[in-house]
1. Read through the list (1) within 29 Å of residue A:375 (Cα to Cα); (2) away from chain B (no Cβ under 14 Å); (3) surrounded by 20 or more Cβ atoms within 10 Å (Cβ to Cβ), then give the number of the only condition that residue A:309 fails.
2. Based on what the data block shows, is residue A:111 touching a His at 6+ places or on another chain (Cβ under 7 Å) and either buried (at least 20 other Cβ atoms within 10 Å of the Cβ) or not small (Gly, Ala, Ser) (or both)?
3. Give the residue, chosen from B:31, B:88, B:65, that is touching a helix residue (DSSP H, G or I) at 6+ places or on another chain (Cβ under 9 Å) and of a type in the set (A, V, I, L, M, F, W, C).
4. Restricting the search to segment A:141-168, which residues are under 12 Å from residue A:182 (Cβ atoms) and touching a Phe, Trp or Tyr at 6+ places or on another chain (Cβ under 7 Å)?
5. Testing residue B:388 on (1) assigned to a loop (DSSP other than H, G, I, E, B); (2) surrounded by 24 or more Cβ atoms within 10 Å (Cβ to Cβ), one condition comes back false. Which one is that?
6. Taking the condition of a type outside the set (S, T, N, Q) and assigned to a loop (DSSP other than H, G, I, E, B), does residue B:353 pass?
7. Yes or no: residue A:376 crowded, with 22+ Cβ neighbours inside 10 Å and either out of contact with any helix residue (DSSP H, G or I) (no Cβ under 7 Å at 6 or more places or on another chain) or modelled with pLDDT under 95 (or both)?
There are 2 protein chains.
Amino acid sequence: MNIRFYNARILIQEEHADAAQSGTSVIQGELWVQKDRICYIGPGGDAAHEEPVWDEQINVNGNLLMPGLKNAHAHSVMTFLRSYADDLPLQSWLFDKIFPMEAKLSGEDAYWASKLAIMEYVSGGITAAFDMYKLKNDIARAAVESGFRMVFCGDMNDFGGTPEITEEEYVRFNSMDPLISYQLGFHAEYTTARPLMHGLAQIAHKYKAPVYLHLSETASEVAECFERYGVSPVVLMDQLGMFEYGGGGFHCVHVSEADMEILKRRGVWAVINSCSNAKLASGIAPVFKLWKQGVPLAIGTDGASSNNALDMWKEMYLTAVLAKLKEKDAEALPAEQVLKMATVGGAHAMCLKDCDVLAVGKKADLIMINLNMPNMQPQNHLIHNLVYSGAARNVSLTMINGRIVYRDGQYFIGDDPETIYREVNSTIKRMTANKI
Amino acid sequence: MNIRFYNARILIQEEHADAAQSGTSVIQGELWVQKDRICYIGPGGDAAHEEPVWDEQINVNGNLLMPGLKNAHAHSVMTFLRSYADDLPLQSWLFDKIFPMEAKLSGEDAYWASKLAIMEYVSGGITAAFDMYKLKNDIARAAVESGFRMVFCGDMNDFGGTPEITEEEYVRFNSMDPLISYQLGFHAEYTTARPLMHGLAQIAHKYKAPVYLHLSETASEVAECFERYGVSPVVLMDQLGMFEYGGGGFHCVHVSEADMEILKRRGVWAVINSCSNAKLASGIAPVFKLWKQGVPLAIGTDGASSNNALDMWKEMYLTAVLAKLKEKDAEALPAEQVLKMATVGGAHAMCLKDCDVLAVGKKADLIMINLNMPNMQPQNHLIHNLVYSGAARNVSLTMINGRIVYRDGQYFIGDDPETIYREVNSTIKRMTANKI
């Protein structure tokens, strides 16, 4: 499909997520999509650029085109447990409530729960998710059918997976479909025995690949790692050679100055999950200090059972204001930087080098923002409006890989919403009726 | 207008905001509105209840009817300064940026900025606001034309207003229109000389009326009050007899145990503004401790220039999760209580005794929530879904005083959206072009 967007405001960002905030601007003009890529950005009627034959021409009416939001830490399937177990601390929430339910999950359940997550993603302007979960074949099927870009993260731990299985998945999912990719990873230090971690580090060295894991999410996780190994989880990973080719830590709430220095030196992404960490009372990540130290930053929603929404607008807001609260400084972490974390940063964190910004040659992973809604008015500062006042309801169109998957409340993801809701509700009903 | 809602889920709450959380339930059935009031709630086809002649019958399709959200602290006009001055601490934000712009504001400006706020309110399910600002005639005109319920709060301070003016406003606005009411109040201790406060306390005694003010919002405000008077702002108000007939404190971020004891004893509402306090780095109010001590609680958005959205869904979420963060306890402040703060609590805080819950004889101030959206699925726990995952986009209909003011993206508030946007943008353009 060749699609012409005209009469648009277009958000232009620096490709480097850690660049100064001055790298963000808004231009007026057109954006052309040819198949899966952006082929032109500029003023209309430019004689030097021959127009393709258009399948559709969309009048943006002065609204905004911007890169899709990147959900850099997700467990998409966990939508089935939304509001199932709230108001509990992480350990009992995870071991008493979540793990027993997940043990009952079938591939078909995972397919439908992923579809529900994808509905929430695309209607809220999320064009890619970095997903850690089992049952990847079923999630991949849901993603490809939906036209959604899914980057898997290896999920090995003591209860499932091995370095060999991770390697097999790495090879297989990275040649499966243009919408699917895979990065090496494992669940976390506190759920994974040392030999497994050691084996995974060797795979990372073999492929010169980055490694991702839940890292320093809670104070007790860090304390227990000190008991087991005498060092913090970040230091342990460094000692294991896990970050030889970079990678990322999900959460990074309880990281020391020394930990930050390692993350910076290794180019390891700190993926911030403000809502989940707040709701589980895990703490506030030191985002401002991480940024000042030069640690690359991205934002994720975590799963729906801990968050409970999969809403990057809410994440951006909380990330911004919690940084100000933590530093006791209203100037900490400017809005431009938060927007970069949620777009360019997330794309780079999950190795989506072609989906980071709106520019010629990049993948057409973009969203249209309705500025003619009360929370976007007046237009004193467009980027501040996005970060401090923007919401999922402002997303009027979502395009991934050149395909429109959501537009004005309508989903173009294969299955219809009613079927998806019915199937996910039947999953949870079956599980709770059958307590075994 | 007589309107029948059928095929509905209906949220039923205890009238007492401080009752145990067990007081919330959801029933299935019908809700009938006759003129401005609810005249029936129950199963359909009930022979004992004669149906009025219907002007409209609305199939709720299994979705939810609930009381409108009550914005218990607002400066509606400040929409014109949204995203105008962000990332600044409260004192310099207020004195260097906000006050100079507000000095240039005309009544016509205030009318349009109020209309913009009302658009955001009704599209996000807010049916009443407790508004502190000057130019009340213009705000009242916007509210009455829009069909919006506005409760004014006296705004006297050293730069404008007197106890006499406050009294005159109190009498006049309380007999103006069914949608308009007025409560005694003043800006804050730190902006108001003692003789003015003393005079207002006398008015409160004369009318046996509650008094409202910004109270203990920042640490520096409290410290300066100690310097001036040797006591905290809460203690000073108690000494002045300000809370003889109750009242409320907006923010209540920096309150001591002794302060809480006074608030409880006097029945003074603590109105929590989580987003504004976070964004301005003022701190996290001790909501859980206030609740446990028995201080009555409500929630407000504050103004759009500090927040920056007027979104009670965001406020509910932040109030819940910040309480968990502050207490380092994921169990702190259950979702049911937060929902009560935003509905029953807010109504009682602003003395709207007839707008608190859905029950026969109450005012028809209600909203319809679309449950057939991905963030509301699956239906593991409806109230948790509302508080932890709900968003303004779930609001499909807003009714105030029996009149539908918003429905499926359409506004029925007198002026059309394009005009409102144009006028507010022209206000700010005129002000910033004309620097004097």
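The values are calculated or read from the model by the stated rules, or taken from the named source; none is laboratory data. None of the values given here were measured: they were computed from a predicted structure. All Cβ positions, even for glycine, are placed from backbone atoms using ideal geometry, and neighbour counts span all protein chains on display.
1. (2)
2. No.
3. Numbers: B:31 fails: touching a helix residue (DSSP H, G or I) at 6+ places or on another chain (Cβ under 9 Å); B:65 fails: touching a helix residue (DSSP H, G or I) at 6+ places or on another chain (Cβ under 9 Å).
Going through B:31, B:88, B:65 in turn, just one is touching a helix residue (DSSP H, G or I) at 6+ places or on another chain (Cβ under 9 Å) and of a type in the set (A, V, I, L, M, F, W, C): B:88.
4. Result: A:151, A:152, A:153, A:154, A:155.
5. Going through (1) assigned to a loop (DSSP other than H, G, I, E, B); (2) surrounded by 24 or more Cβ atoms within 10 Å (Cβ to Cβ) one by one, residue B:388 breaks only (1).
6. On the way: of a type outside the set (S, T, N, Q): yes; assigned to a loop (DSSP other than H, G, I, E, B): yes.
The answer is yes for residue B:353.
7. On the way: crowded, with 22+ Cβ neighbours inside 10 Å: yes; either out of contact with any helix residue (DSSP H, G or I) (no Cβ under 7 Å at 6 or more places or on another chain) or modelled with pLDDT under 95 (or both): no.
Against the criterion (crowded, with 22+ Cβ neighbours inside 10 Å and either out of contact with any helix residue (DSSP H, G or I) (no Cβ under 7 Å at 6 or more places or on another chain) or modelled with pLDDT under 95 (or both)), residue A:376 does not qualify.
Every residue, every condition in (1) acidic (Asp, Glu); (2) crowded, with 23+ Cβ neighbours inside 10 Å, yes or no:
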site: B:333; (1), (2): no, yes
site: B:354; (1), (2): yes, no
site: B:417; (1), (2): no, no
site: B:421; (1), (2): no, no
